[in-house]
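Notes for the one structure printed next.
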Amino acid sequence: MNVPRIVIAGAQSGVGKTTISIGLMSALRDAGFNVQGFKVGPDYIDPSYHNVVTGRLSENLDVWMVPPDQIVEVFLHATKDADFAVIEGVMGLYDGLSGLDETGSTAQIAKILKCPVILVLDVHDMARTAAAVALGYKNFDNDVHIAGIILNNVAGKTHADWCQEAIETVTGIPVIGSLPVNKEIELPERHLGLIPTAEKETFNSFFPKIKDFIRININLDAIIKMAKSAGEMPRVQRPVYPARNHKRNVVVGVAFDEAFNFYYPTNLSLLEAYGAEIVRFSPIHDRTLPVDVDGLYIGGGFPEMLPKELEANQSMRDALKKAAEDGLPIYAECAGLMYLTESITNFDGNSHKMVGLLKGKTVMTRKTLVTYSLAEVTRGNFLCKKGSQLKGHEFHNSKIIDIPADAQFAYAMKMGEGIIDKKDAWLRYNVLASYMHIHFAQNPEIVRNFLKNCKKHRL
């Protein structure tokens with residue numbers, strides 16, 4: 001399948017990639033396309049904006065966590081019933097894990113998926129110089145096809161014309177859009193980035209403004225033509241998904257509400273493909289766990305923004321603690337880890353009771369940890385055997401204190417910080433709770449192992 005596809009890349013962070021991607025996805029959907037969104041890198045929040053405007057779950061494409069062959073399969077699986085794909089980049093086009101190679105960069109994803117690239121340039125403080133910048137990006141890697149350029153933060157028509165004339169004359173790359181300064185469509189932020197759409201229903205009135213702004217100021221027909229020029233997709237060499245979905249034979253409860261909503265869609269679709277029925281529940285709104293679940297998955301999010309609501313739902317906290325004591329498999333990442341501790345002390349210094357399953361306390365800090373992580377498994381667990389390795393990432397503003405001396409951990413961190421002393425994946429009962437987020441497509445055995453453990457609990 002050769003679905004039309006385009007990468008929206010930035011000259012650097014903060015040039016408007018997310019706003020442009022959201023507006024483009026929305027405009028394309030209005031034009032009759034079934035649009036699938038993607039985000040390069042491990043970010044959970046930007047894809048939540050894609051979800052709203054496309055009506056589909058946006059997928060992450062991260063070459064640190066998921067090898068290239070699996071990246072191709074994730075892309076093909078996500079686009080099997082779509083007819084257009086928009087891939088939002090990360091940081092600058094060529095930025096990745098280091099200054100020495102392309103690993104983890106938007107450019108690498110563009111090459112793996114044979115995608116044309118639209119480069120976004122913030123030209124607020126330049127004119128003819130924009131041509132020099134564009135030329136550098138064009139010549140840096142001849143295997144990256146920069147098909148078009150969008151100018152952001154132009155001061156007016158004259159400014160836009162100067163930049164366009166210079167860029168097109170020097171580089172031969174067409175300028176397909178010029179976006180004037182517009183304070184009305186700035187996306188709201190806080191610690192760890194944008195505010196997830198799950199928290200703000202008012203975003204729904206905000207998106208039409210972005211769509212109209214992009215539709216008026218860019219050449220949509222040119223973008224469609226560029227996307228249709230994408231090269232043939234490479235063949236998948238290493239399957240991630242089973243040839244046929246397994247029969248549903250296990251039920252997994254997934255925490256999903258305003259506090260917990262960071263999940264890679266591939267993780268959930270792989271659980272379903274290997275035989276899980278997924279039932280969502282809310283630690284804030286539901287009084288107890290879903291009936292007859294065989295395992296739980298509590299993902300990332302912002303419990304620190306809703307600690308009063310989580311504390312107030314004591315019946316859910318009690319139900320979770322009892323389920324763990326009864327041996328129910330529970331996998332928790334980051335926010336899930338925080339929720340399972342005794343308490344969360346918020347930025348304002350107020351402490352709120354949490355589940356209390358893990359005998360430590362979560363304290364919010366002003367230090368943001370953002371890092372890719374690599375774990376060596378030192379204790380076998382329901383995800384993977386001892387001696388294996390897992391790749392993931394950490395992204396949080398918290399730490400766990402008052403951890404018992406006899407606490408057991410499954411991971412030794414080769415990269416990343418973990419929970420304490422470069423150790424992560426706190427084990428208690430049949431619970432594994434870590435700061436590290438992982439992408440299941442790196443090794444489907446993770447999914448099979450977890451579901452096998454869930455079935456044992458049910459039996």
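Observations on the model:
- Label-to-label distance, nm, for residues given as Asp83 and Asp326 (7 Å Cα→Cβ offset): 4.9 nm
- Loop-exposed GluC sites (Glu not before Pro) per DSSP, neighbour cap 12 Cβ within 10 angstrom, longest uninterrupted part of the chain: 233-459
- Ligands, DNA and RNA left out, the accessible area of the chain computed with a 1.4 Å probe is 49% carbon and sulfur.
- Added length on full extension, which subtracts the Cα-Cα distance from 0.36 nm per residue, Lys367 to Asn142: 77.1 nm
- Average accessible surface for the stretch 210-334: 44 Å² per residue, computed with a 1.4 Å probe over protein heavy atoms with every protein chain in place.
- Option label - mean projected area of the Cα convex hull in nm² computed here, alternatives [x] 19.8; [y] 21.5; [z] 37.9: [y]
- In the stretch 87-151, trypsin sites (Lys or Arg not before Pro) in a DSSP loop with at most 13 other beta-carbon atoms within 10 Å: Arg128
- Rounded to 5, percent antiparallel among DSSP beta bridges of the chain: 40 percent
- Cα-projected label distance for Gln389 with Asp125, points at 7 Å along beta-carbon direction, nm: 4.1 nm
- Solvent-accessible area per residue in the stretch 74-132 equals 37 Å², computed with a 1.4 angstrom probe and all protein chains kept.
- The mean sequence separation of alpha-carbon pairs under 8 Å and at least six residues apart, normalised by the residue count of the stretch 283-348, gives a relative contact order of 48 percent.
- In this simple spin-label model, placing a label point 7 Å from the Cα along the Cα-to-Cβ direction at both Lys422 and Ile224 gives a separation of 5.5 nm.
The values are calculated or read from the model by the stated rules, or taken from the named source; none is laboratory data. Just so it is clear, the structure is predicted and the values come from calculations on it, not from any experiment. Every residue, glycine among them, receives a Cβ derived from its backbone with ideal geometry; neighbour counts consider all protein chains shown. Heavy atoms of the whole protein, side chains included, go into the accessibility calculation; ligands, DNA and RNA do not. Shrake-Rupley method; radii C 1.70, N 1.55, O 1.52, S 1.80 Å.
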